[in-house]
1. Under 15 Å between alpha carbons, and skipping anything fewer than 8 positions from Lys253 in its own chain: which aspartates and glutamates qualify?
2. Distances longer than 22 Å among the Cα atoms of region 84-163: what percent of all pairs is that?
3. What ranking, highest mean first, results for peptides 119-125, 184-190 when packing means the other Cβ atoms within 10 Å averaged over each residue?
4. Would you mind listing how long region 88-131 runs along its three principal axes, going by Cα atoms, in whole Å with the largest first?
5. Work out the FRET efficiency for Leu39 and Glu321 from their Cβ-Cβ distance, taking R0 = 35 Å, and round it to the nearest 0.05.
6. Taking only the Cα atoms of region 242-331, how large is their convex hull per residue, in Å³?
7. Among the listed pairs Lys160/Lys203; Lys160/Lys191; Lys144/Lys191; Lys144/Lys189; Lys96/Lys189, give every one whose C-alpha distance is greater than 26 Å.
8. Could you give the C-alpha radius of gyration of region 132-191 expressed as a fraction of 2.2 N^0.38 Å, taking N as the number of residues it contains?
Amino acid sequence: MAKKKKNIPTGVPRREIGEGMVIRNTGSSYTVRLVDGSLVQCRIKGNFRIKGIRTTNPVAVGDIVSVSEAADDACYITTIRPRRNYIIRRASNLSKESHILAANLDQTLLIATLRDPATTTTFIDRFLATASAYDVPAILVINKSDTWDDDDRELGKALKTLYESIGYPVYIVSAATGQGLEALRGRLKDKVTLIAGNSGVGKSSLINALVPDAGLRVGRISDIHHTGMHTTTFSEMIPLPGGGELIDIPGVKGFGTIDFAPAEVSHYFPEIFRFGKQCRYGDCRHTGEPGCAVLPAVREHYISQSRYDSYLSILEEASEEAGADKYRKPF
C-alpha cells in the first residue's frame, strides 16, 4: 500500500538560497539581487508583516535579506539584517503605523520645486529632520530652474542661502536643460542615494537625465490643482553609469514624522540646537520658557521663522504622540 503523501505547508523553507539586497519592492513581491549578481523574485509570509514590526512595509529597497526556497517552489525572504540607517515617515496623517522609504543609504536627495507644484518649507524641514534623526546625510535639489521668472530666481537664491547656512548642500538644477547636473553627478558617484519628493517635482525626469537608459515614465501636472500626477508606483534601485545607485520611490504628498521624542526634536534642527545650548535650562523646549536663547534668535533673524515654525509643528506632533500637554506657541 502506497504511503499517503504529506501536505507540506506553503511557505515553509526547504533550502537556503543565500543573501542579497532588495532592489525592487512592488508591495506584493520583491526582487533580490544575490551576492553572485543573480536576481530572485521573492515574497514574504503573512506573519512576517506583523511580527514585532510596526510598519506597513517590513521589507524595503536597500535591505540585506536572506532568501529561502519553499515547498511550493516560491522564494521567500526569511530574515533581514540589521539596518545601518533608513528613512521613515508616518503612513498617513491619522495612522500610528510608519512606512519605510528605503534602507542602508549613503545619502538622500530631496527634490523640491518652487511652483507647479510648490514644495513647502514645512515639507522640506520635516524631511531633513527625519533624515537627520535616522542618520542619513541629506542634500536639497531645487529642480525646474528653466521655468523660473525673476521672482522665482530670487526665491531660489534665498532658499539656497538659507539651507546652505544651516549646513545642507543645495543644488539648483533643470532636468530639462541639464543645468547643474554635472555637479550633482559628482555627488552621486559610488553612493546609494534615495531620491524623494512630492509628486510632480520631476524625480523621473531627473533620473532619466542622470541615467539615459532608465526610461522612466514622466507624468504631467494637474491643470486644476498644479500638483503632480503619480508616475512611479513602486520602489526600485537604478544603477548609475560610472558607479552608484539611485533609489526611486513613489511621490510623497505629505511627510508626517513618527517616533520623535519631544526633548530631541531640536537636535534635528542644527541652528536651533546650536542656540539651544545657551538656554538657561537644559530641558528648554523653546516655546516661551524663561532664559530661552532660541526665541531671541528667531526675533533677530538668526533662525529663520519658517524653520522655527516647522520645529514647532514637529514638536506638537511629538508631544501629542507622547501624551504630553499642549504648550503655548510664542508666535
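Bear in mind that the values in this text are calculations on the coordinates, not laboratory data. These numbers were taken from a predicted model, which means no experiment stands behind them. In this analysis, Cβ positions are derived from the backbone assuming ideal geometry, glycine residues included, and neighbour counts consider all displayed protein chains.
1. Reachable aspartates and glutamates: Asp116, Asp125.
2. Details: 1049 of 3160 pairs.
That tail contains 33 percent of the Cα-Cα pairs.
3. Working: 119-125: 19.7, 184-190: 14.0.
Averaged packing, sorted descending, gives the order 119-125, 184-190.
4. So the three principal-axis extents are 30, 30, 16 Å.
5. Working: r = 39 Å, r/R0 = 1.13.
That pair, Leu39 with Glu321, gives E of 0.35.
6. Values: hull volume 13.7 nm³, N = 90.
Convex hull of Cα atoms, per residue: 152 Å³.
7. Details: Lys160/Lys203 19 Å; Lys160/Lys191 23 Å; Lys144/Lys191 24 Å; Lys144/Lys189 22 Å; Lys96/Lys189 37 Å.
Those over the limit are Lys96/Lys189.
8. Details: Rg = 12.6 Å, N = 60, 2.2 N^0.38 = 10.4 Å.
After normalising by residue count via 2.2 N^0.38 Å, the value is 1.21.
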